[in-house]
Each structure stands twice: as structure tokens, then as C-alpha cells.
């Protein structure tokens, strides 16, 4: 499911076009990953699993600038869209997902059926990390850049594109080391969709029939102009296996595998 460098660039660019927004905002839905509490706030529901990600924002000082910029974008959306439309992601958990592994019901089934699932996952991910590192012939900075805001059925994300073909190929090679591993496939780990580099900014919450979808589309289009004048770049230097219990919490223990990208 890998695309060429130029195919990826063209596909992601189309995701930020006005015509795409106008189509996508018609189909937004409330995210099931949050629930309404008695006091009217929203809290995350259990959604357990594992991913390989860059260090979350609070643990990634090298990318503090870009994450601060994304946090400012969140506040702009909150100010200009309907109250209660969005649940913001905590900027401390902002990250770049390198490879989704297993989550929700698939994770529950795997751990119920195999008490050793997690220890096997750790060992096999570590093997994939070593395969990737042994395949590296040269080391240059891996740099990706904010392309623009993207509408998903249940979330608003910022999509990213590689600064150069080298940066793209390195991440694709890393993902192949994971998804083409027969030992990981035997654990139920598989690539389920095309790779779209992104950071999630917010989930849709109170999606009513009267939501002004034209305003939503226009707000996203207008904010994208910010990144034309103030381009934001993220440096990818480390991948970490992280366990998540919900969409706010990405944890790791000392023995979880880590790789230098």
C-alpha cells in the first residue's frame, strides 16, 4: 500500500483544497472516542492499543515550536466555530504516527487469546527496528512540513508532507520493516490503509444538524494561509513504541523499544 513520493504529495495536497472541504464537512460525525459527562464536559472513553509514534509533544523539545503553532491553530478553531463542536487534543500529546499497530476490539481479542501477546509484540517490534537501522546507508535529517488542515469524518487534523524525497523514503522504509514482518503479521499486525502523515488537533463532539458547515469549510481554508506565510517543519529523529488507553494518553515503560530514525 505504499505510494510513490509524487503520488503522496498530490494526494495530500488535494485533501486541503476548498472543493474537498466542501464535500467532507457534509459528513462529519460525533467521535465515539469521547462521552458527555454530567457537568457538560467531554471525557475520553477507553480505546486501548499500541502505536509507533514520535515522542509526544511534552517529551519532544526539538519540535516545541511547531507544536506551539498547532496549539494556536486549535484555539483559533475554538474561537471561530460553534461552541461544543470540538474536543481539543492536549498539545502535550501531539505526535507524528509512524505506524499504527493494533487497537480497540482487535487489541482486546489479541490479549484475551494470548497472555504473552504484549511481550511478543515488544520483541518483534524491536526486531523490526533493528532491521530498519541495519538498512540505513546514509543519515540525513528527516524533515516533514505542515501542508494544511484536513477534515476527517470524526476529527480535524493537520496533514504533513515530506520536505524532500529522502525524508519520504526513510519513513516508508521504516514502515515496511514493521508491516512486512511475518512475525508481526502472525500477531495480527497489518497495514490497513494508505499512510497519511498527520497530527490530530480535535475531534468532533456536538455535531448538530444546524452546524454551519460553510463557516467550518471557510475557517479551515482561511487558516491554511497562515502556513504559507509561516511554514512549520517537524524533525523526525526517534520512534517509540507507545501504549494508549484513550486518545489523550500515550504511555511508555523503560523496556519499550525505541529506534533512532
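Here are a few things to note about the model shown:
- Scanning the stretch 173-190 for residues that are within 18 Å of the chain's Cα centre (by Cα) and buried (at least 17 other Cβ atoms within 10 Å of the Cβ) yields 174, 175, 176, 178, 179, 189.
- Criterion: within 18 Å of residue 215 (Cβ to Cβ), out of contact with any strand residue (DSSP E or B) (no Cβ under 6 Å at 6 or more places or on another chain) and either buried (at least 17 other Cβ atoms within 10 Å of the Cβ) or modelled with pLDDT of 95 or more (or both) - qualifying residue of 7, 20: 20
- Those residues of the stretch 58-72 which are under 16 Å from the mean Cα position of the chain (by Cα) and closer than 21 Å to residue 203 by Cβ, in sequence order: 58, 66, 67, 70, 71
- Selection of helices (runs of 4 or more DSSP H) fully inside the stretch 1-80 by the criterion of at least 1 residues being within 30 Å of residue 178 (Cα to Cα), touching a residue at least 24 places away in the same chain (Cβ under 8 Å) and touching a helix residue (DSSP H, G or I) at 6+ places or on another chain (Cβ under 8 Å) returns 5-14, 64-80.
- Entry remark, the stretch 180-229: residues being under 30 Å from residue 83 (Cβ atoms), part of a loop (DSSP other than H, G, I, E, B) and either modelled with pLDDT of 95 or more or touching a helix residue (DSSP H, G or I) at 6+ places or on another chain (Cβ under 6 Å) (or both) number 1 in total.
- Inside the stretch 81-122, residues that are buried (at least 18 other Cβ atoms within 10 Å of the Cβ) and part of a loop (DSSP other than H, G, I, E, B) make up a count of 6.
- Candidates 119, 128 - the one that is modelled with pLDDT of 95 or more, more than 28 Å from residue 213 (Cα to Cα) and touching a helix residue (DSSP H, G or I) at 6+ places or on another chain (Cβ under 6 Å): 128
- Qualifying residue in the stretch 146-165 (condition: over 15 Å from residue 188 (Cβ atoms), modelled with pLDDT of 95 or more and assigned to a helix (DSSP H, G or I)): yes
The values are calculated or read from the model by the stated rules, or taken from the named source; none is laboratory data. Computed from a predicted model, the values in this text were never measured in an experiment. Note that we place each Cβ from the backbone using ideal geometry, even for glycine, and neighbour counts take in every protein chain shown.
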